[in-house]
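In what follows, a structure is listed as structure tokens, so that the remarks can point back to it.
The values are calculated or read from the model by the stated rules, or taken from the named source; none is laboratory data. Because the structure is a prediction, the values reported are computed rather than measured. No Cβ is skipped: glycine too gets one built from the backbone with ideal geometry, and neighbour counts run over all protein chains shown. The protein model used for the area step is the full one, side chains on, heavy atoms only, and it has no ligands, DNA or RNA in it. Shrake-Rupley method; radii C 1.70, N 1.55, O 1.52, S 1.80 Å.
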Amino acid sequence: MLAAPKRARRDRLDPVAGEAIAAPAAPAAALRAVPAVGALLALPEARRLVEGFGHPRVRAAARQVLADERLRLRAGRPPRGPGQLLRALAAGVGTGLTPPLRRVVNGTGILLHTNLGRAPLSAAAAAAVAEVAAGYSTLELDLGTGRRGDRRSLLEALLCQVTGAQAATVVNNGAAAVLLACAALGQGRAVLVSRGEAIEIGGGFRVPEILACAGAQLVDVGTTNRTRVDDYRRASGPDTAAWLRVHPSNFRSIGFVGRPSVAELAAAARAADVLLLVDAGSGLVGPAAGPTALEESLPALVAAGADLVMGSGDKLLGAGQAGILAGRGPVVERVARHPLARALRADKLQLAALQATLLAHVTPGRRAEIPVLRMLALEPEALARRVDRWVAALARDGIAAEATPAVGAIGGGTTPGPQLPSVALRLPTARPARLRTRLLAGEPAVLARAAADAVTIDARTVLPDEDGPLLAAVRRASGHG
Ligand SMILES: *Cc1c(COP(=O)(O)O)cnc(C)c1O
């Protein structure tokens, strides 16, 4: 490919004066050193691009990058190293150095990290997704009759078993569940919300705005810190469709505060002939999340008499993204028949993940398979032993590291209060921000926390099969290997 030395020489001559221009270093040698397309594509990062984007696209981009490189060299610019060429290649392919959606090692200690896709699936759930993804499925086929089935009720029996509800359906996510419930049950009518619960969850989910989108009229009741059953009663009229109770997922008010229990509200709502809707959202990843979480669990809310409970598949159950609606038969029926239900429906991969996770929830002894529940239950002593193994392995490579106490969280706006005592790998460095960035840019990417004089990686959220990749990534980011 490099028949170019002669031309390169000519290029170096000033056409007017006929003599060499103030010469940039050895273009001929530099041109000979430009790798061949095949050599560039054989580098690991380029192979990953090929995996992500296909050979033709990456090869075409590689040709362009190398042609540009020769032009640059002839123009007297310094040669670029393999790293820079790969970056240009990735840019040429159209995105970052590697496919934009890829695996990240979670070193934050936050179990349901929304930026990292919340709950990792269990092996069984991941296998169920792969199985359904790779073939045709019973998504909308009733095998008993051979007729069209209904995906809206596909998981109903399992959901009823988990929640104790009469009926249930699934939509795309928790926000969709709330929107759909308010549209189907409250459109054109009033929905009452306590002033302490007209909240913002994050990511653009604000209760007043969701109600407006649903075409329901929000009526505030009570005060910011205290709301009583009587506040709901007095504000209710013939136009009132429902009382909406919202779990204050991501904040906590303390002091002179109070609100009625769901059971009290349910009894009063029934007497007032309005529906009680409960947005449980998050609040629970299992009994291990503590007594408050238990009170707000789907079965507890259903048992307390809520007409409809809405929740988030990942934040409540440790499944993938999904929105769960469970409650009384006629109420769920109205919701499932609303035209928005079609627009907000779940896809087969979500349903496969949810089904497998629900099965683990209802099968004795299998809940520990659910990764967020397993990670939540890890004891600091076990985490410390694991970090000690990492420290020893890194020491063999001459990398200084130590175990340090850390504090994680359930996250996902589940519980602002209880934090998780944990253990982290501490990598001392004078430039923590730089090391954190290098860990992010690695393969696999590692999301760590930067402190004043170190970077820390919480062991709780590093999955069991990630020890090797994590240590390799730390070695590379620290300049070893
Ligand atoms: C998280 C949350 C939602 C939204 O659920 P997504 O699954 O994230 O769409 C709604 N309500 C509450 C109370 C939440 O905590």
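Any residue in segment 168-176 that is modelled with pLDDT of 95 or more and among the hydroxyl-bearing types (Ser, Thr, Tyr)? Yes, some residue in segment 168-176 is modelled with pLDDT of 95 or more and among the hydroxyl-bearing types (Ser, Thr, Tyr). So, in segment 455-481, of the ones that are among the aliphatic types (A, V, I, L, M) and free of Cβ contacts under 8 Å to residues at least 40 places away in the same chain, which residue ends up farthest from Ala406 (Cα to Cα)? Result: Ala472.
A Cβ distance below 6 Å, combined with a sequence gap of six or more or placement on separate chains, defines the contacts here; from segment 119-146, residues that are free of Cβ contacts under 8 Å to residues at least 40 places away in the same chain reach residues that are open to solvent by 70 Å² or more (accessible area, probe 1.4 Å) in the pairs Glu140/Arg148.
Residue-wise test of (1) in a helix (DSSP H, G or I); (2) within 16 Å of the ligand (Cβ to nearest atom); (3) open to solvent by less than 20 Å² (accessible area, probe 1.4 Å); (4) outside the structural domain of Gly412 (by TED's automatic domain parsing).
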| position | (1), (2), (3), (4) |
| --- | --- |
| Gly146 | no, no, no, yes |
| Leu158 | yes, no, no, yes |
| Val162 | yes, no, no, yes |
| Ala165 | no, no, yes, yes |
| Val170 | no, yes, yes, yes |
| Ala176 | yes, yes, yes, yes |
| Ala181 | yes, yes, yes, yes |
| Glu209 | yes, yes, no, yes |
| Asp220 | no, no, no, yes |
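Filtering segment 318-350 to residues that are open to solvent by less than 10 Å² (accessible area, probe 1.4 Å) and farther than 24 Å from Ala241 by Cα leaves Gly318, Ala319, Ala322, Ala346.
Here is a yes/no grid of residues against (1) in a strand (DSSP E or B); (2) at pLDDT 90 or above; (3) within 14 Å of the ligand (Cβ to nearest atom):
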residue: Ser249; (1), (2), (3): no, no, yes
residue: Val278; (1), (2), (3): yes, yes, yes
residue: Ala293; (1), (2), (3): no, no, yes
residue: Leu301; (1), (2), (3): no, yes, yes
residue: Ala326; (1), (2), (3): yes, yes, no
residue: Val332; (1), (2), (3): no, yes, no
residue: Ala336; (1), (2), (3): no, yes, no
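Screening Arg385 against (1) out of contact with any helix residue (DSSP H, G or I) (no Cβ under 8 Å at 6 or more places or on another chain); (2) surrounded by fewer than 24 Cβ atoms within 10 Å (Cβ to Cβ); (3) modelled with pLDDT under 95 leaves a single unmet condition, (3). Of the set (1) within 16 Å of the ligand (Cβ to nearest atom); (2) farther than 23 Å from Val462 by Cα, all apply to Leu111 but (2). Does Gly188 satisfy the condition of being within 24 Å of Pro330 (Cβ to Cβ), exposed (fewer than 14 other Cβ atoms within 10 Å of the Cβ) and touching a residue at least 12 places away in the same chain (Cβ under 8 Å)? Against the criterion (within 24 Å of Pro330 (Cβ to Cβ), exposed (fewer than 14 other Cβ atoms within 10 Å of the Cβ) and touching a residue at least 12 places away in the same chain (Cβ under 8 Å)), Gly188 qualifies. For segment 222-247, enumerate the residues that are in a loop (DSSP other than H, G, I, E, B) and touching a strand residue (DSSP E or B) at 6+ places or on another chain (Cβ under 7 Å). Residues satisfying the conditions are Gly222, Thr227, Ser236, Asp239, His247.
The set of residues from segment 422-462 being aliphatic (A, V, I, L, M), open to solvent by less than 30 Å² (accessible area, probe 1.4 Å) and not in a helix (DSSP H, G or I) comprises Val423, Ala424, Leu425, Leu427, Ala445, Val446, Leu447, Ala448, Ala454, Val455, Ile457, Val462.
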